[in-house]
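Take a look at the structure below.
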Amino acid sequence: MPQTMTIPVQIREKVGKEAARKVRQRGRIPGIVYGPGRTPVPIELDPRPIVHLLEQGAAENTLLELRTDDNQRWLCLLKDYQLDPVRDTLLHADFYAVRADVALTLRVPIRLIGEPPALKAGAVLQFLVRELEVECLPKDIPEVIQVDISSLELGDFVQVRDLKLPPGVRAVEDPDAIIVTLTAAEEYVEEAATPALAETPEPEVIRRGKTEEEEE
């Protein structure tokens, strides 16, 4: 089961811009807890645990237990957040309440491990799908999906169907989707050049569009 972070929160009695401003003046941030069949609950909390998760890149799929002083609890995922466009400080957080017995659909990062010997000989590794959409219970949410590429040879590729997923986790993606492929350098250059040739007329279309707008 993934580690659950417990975060103390308080229920907000007042909502609105002025109330939110006063919350931030105290060094805290406003938030909201919502989910299927639940009445949204306005809360306030210390932003530091959320900022830490964001800095670690682990915020999206970390289970959070929000807990009030009177022991109200919500098992949640951080669904959304708002940053100050100038100071880049956290302003607001949305939490999606989940049920331990109901499966979720979410995206999990893919991490490549190992190094194919062909890379040292000039081969090109193309990492095409960097996140995998999966379905699982909250207790089974994986931090990452690891893909061992150390045995790949030229022309090899890894599809979704080839992934070894943790118990209780099911891929929602197309099983034929290619995650990573290993090709010769010259093949990669040829593939990259083909779309460029097809796009040659495109600048003319863009210029025509701009000219029409200027005439209007």
What's the magnitude of the charge dipole for segment 22-139 around its Cα centre, counting Lys and Arg as +1 and Asp and Glu as -1 at the beta-carbon? Answer in Debye, nearest 20. 140 debye
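Taking every pair of Cα atoms in segment 104-198, average 1/r, invert it to obtain the Kirkwood radius, and report Rg/Rh to two decimals. Each step should come with its number before you reach the end.
Numbers: Rg = 15.2 Å, Rh = 14.5 Å.
A ratio of 1.05.
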Can you tell me the relative contact order of segment 78-128? Whole percent, Cα pairs under 8 Å, sequence separation 6 or more. 23 percent
Can you run phi through the Karplus equation (6.51, -1.76, 1.60; θ = phi - 60°) for segment 116-122 and list ³J(HN,Hα) in whole Hz, with x for Gly and Pro? x, x, 5, 4, 5, 8, x
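Using 0.36 nm times the number of residues separating Arg170 and Asp80, minus their current alpha carbon distance, what extension gain do you get? Numbers along the way, then the final one.
Working: separation 90, 0.36 × 90 = 32.40 nm, distance 2.43 nm.
This chain segment gains 30.0 nm when fully extended.
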Efficiency by 1/(1 + (r/R0)^6): what FRET value for Gln126 and Lys14, r their Cβ-Cβ distance, R0 = 30 Å, to the nearest 0.05? 0.05
With x for Gly and Pro, the residue-by-residue ³J(HN,Hα) of segment 136-147, computed from phi through the Karplus equation 6.51 cos²θ - 1.76 cosθ + 1.60 at θ = phi - 60° and given in whole Hz, is 6, 6, x, 5, 9, 4, x, 5, 9, 10, 8, 10
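Relative contact order for segment 104-198: what is it in percent, counting Cα pairs under 8 Å that are at least 6 residues apart?
On the way: 167 pairs, mean separation 33.4, N = 95.
Relative CO of segment 104-198 lands at 35 percent.
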Given H placed 1.01 Å from N in the peptide plane, which residues other than close sequence neighbours of Leu132 have an amide H under 5 Å from its amide H? Val108, Ile110
Mind listing the long-range amide H neighbours of Ile179? Cut-off is under 5 Å, sequence gap 5 or more, other chains count too, H placed in the peptide plane at 1.01 Å from N. Val158, Gln159, Val160
What's log10 of I(q)/I(0) for segment 4-97 at q = 0.25 Å⁻¹, Debye sum over Cα points only, no solvent? -1.50
Whole-Hz ³J(HN,Hα) from phi, Karplus 6.51 cos²θ - 1.76 cosθ + 1.60, for segment 17-30, glycine and proline x: 4, 5, 5, 5, 4, 5, 4, 5, 5, 8, x, 10, 10, x
Where the centroid of each part is defined by its Cα atoms, how far is segment 37-66 from segment 121-178 in Å? 27 Å
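Throughout, read-outs are computed from the coordinates displayed, never taken from laboratory work. Only a predicted model underlies this, so the values are computations on that prediction, with no experimental measurement involved. Cβ coordinates were reconstructed from backbone atoms using ideal geometry, including for glycine residues, and neighbour counts include every protein chain displayed.
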